[in-house]
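The values are calculated or read from the model by the stated rules, or taken from the named source; none is laboratory data. Since the model is a prediction, treat every value here as computed from it, not as a measurement. Backbone-built Cβ (ideal geometry, glycine too); neighbour counts: all protein chains shown. Accessible surface is based on the protein model in full, side chains and every heavy atom, while ligands, DNA and RNA are left aside. Shrake-Rupley method; radii C 1.70, N 1.55, O 1.52, S 1.80 Å.
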Amino acid sequence: MKRIAYLSLFFLMGANVQANEYNASLFGCKSDGVTNNTSSIQYAIDFIANEGGGTLHFYVGRYLTGSFELKSNVTIELHEGAVLLASPNVYDYLDYSGSRALIYANGQSNIKIQGKGVIQGQVPLFTANMETLVSKGIMGRDSKQLLPDLIRMENSKQVSVDGIMLLNGLENVQSYVGCTQLTLSNQIIKSNVYESSTGIFLSSCSGVELRALYVDASGKALREVGKNEIRIQENCVTPNGKKL
């Protein structure tokens with residue numbers, strides 16, 4: 001009887017572990033590079049957060065999406081060959097108190113983006129679409145505030161972005177404002193398409209760890225505003241071999 005009880009407990013624990021791992025395709029996400037997956041991704045994140053947390057896995061393919069919000073205790077895992085492809089449509093990005101981003105979080109904790117996949121902007125298409133709107137009088141010329149970051153986290157703690165390649169951001173590739181216990185590691189950032197793209201923007205963050213970052217940006221590799229506490233900064237370089 002004891003053996004049966006132990007076996008039952010073992011399988012139950014295994015089932016619980018598996019229950020915390022979710023394939024994006026189960027929520028209707030399409031990897032064809034054409035289908036807009038914004039609502040499916042957001043639904044998946046909300047579901048996982050309501051279940052107490054877990055990991056949302058993206059496997060090989062190109063997942064087109066607009067803005068979505070990452071929630072506490074949720075991890076996004078981009079496996080090798082998986083690409084989160086930023087929508088070129090300005091109206092696919094939500095206004096978060098004057099800021100826009102592909103992946104956004106505010107007031108969350110224990111959030112992660114990790115893996116060997118890619119987060120990629122579509123700068124030429126995005127800027128061309130904006131220019132069309134401006135030329136038609138739908139949008140004013142002073143529209144810089146509409147440019148979305150690929151990642152923007154605000155007032156969040158225990159934030160980790162590890163192993164990801166980030167390509168073709170606009171004004172800021174990734175921004176962190178008022179975050180604590182922030183770790184950025186093992187990243188390749190290449191953003192030379194937009195004229196003055198910043199690789200990493202930090203504002204009033206504490207407990208920051210920067211490890212093994214390669215930043216090739218048309219603007220500043222690292223831009224800081226306010227007082228930031230960078231506890232560790234190691235093996236972080238730009239194309240000319242200089243430190244961030």
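For this structure, a couple of remarks:
- Scanning the range 66-95 for residues that are part of a helix (DSSP H, G or I), open to solvent by 20 Å² or more (accessible area, probe 1.4 Å) and either modelled with pLDDT under 95 or farther than 30 Å from T132 by Cα (or both) returns a single hit, Y91.
- Considering residues of the range 44-65 that are at negative phi, out of contact with any Gly (no Cβ under 8 Å at 6 or more places or on another chain) and outside any strand (DSSP E or B) only, the residue surrounded by the fewest Cβ atoms within 10 Å (Cβ to Cβ): N50
- V208 being loosely packed, with under 15 Cβ neighbours inside 10 Å, farther than 14 Å from Q120 by Cα and among the aliphatic types (A, V, I, L, M): no
- Residue list for the range 109-126, restricted to those being within 16 Å of T38 (Cα to Cα) and not in a loop (DSSP other than H, G, I, E, B): I119, Q120
- Within the set E171, E229, the sole residue that is open to solvent by 40 Å² or more (accessible area, probe 1.4 Å), touching a Gly at 6+ places or on another chain (Cβ under 9 Å) and within 30 Å of H79 (Cβ to Cβ) turns out to be E171.
- Flag for E154 being under 25 Å from E229 (Cα atoms), open to solvent by 30 Å² or more (accessible area, probe 1.4 Å) and touching a Phe, Trp or Tyr at 6+ places or on another chain (Cβ under 9 Å): no
Matching residues to (1) assigned to a strand (DSSP E or B); (2) at positive phi; (3) touching a Lys or Arg at 6+ places or on another chain (Cβ under 9 Å):
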{"site": "V161", "(1), (2), (3)": "yes, no, yes"}
{"site": "S175", "(1), (2), (3)": "yes, no, yes"}
{"site": "L184", "(1), (2), (3)": "yes, no, yes"}
{"site": "I200", "(1), (2), (3)": "yes, no, yes"}
{"site": "V208", "(1), (2), (3)": "yes, no, yes"}
{"site": "A212", "(1), (2), (3)": "yes, yes, no"}
{"site": "K227", "(1), (2), (3)": "no, no, no"}
{"site": "N235", "(1), (2), (3)": "yes, yes, yes"}
{"site": "N240", "(1), (2), (3)": "no, no, no"}
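- Note on the range 28-43: residues that are part of a loop (DSSP other than H, G, I, E, B) and in contact with a strand residue (DSSP E or B) (Cβ under 7 Å, 6 or more places away or on another chain) amount to 7.
- Qualifying residue in the range 4-18 (condition: at pLDDT 95 or above and surrounded by fewer than 14 Cβ atoms within 10 Å (Cβ to Cβ)): no
- Checking the stated criteria, S196 turns out not to satisfy the condition of being open to solvent by 40 Å² or more (accessible area, probe 1.4 Å), hydroxyl-bearing (S, T, Y) and modelled with pLDDT of 95 or more.
- Taken residue by residue, the range 96-108 has at least one member that is outside any strand (DSSP E or B) and touching a helix residue (DSSP H, G or I) at 6+ places or on another chain (Cβ under 8 Å).
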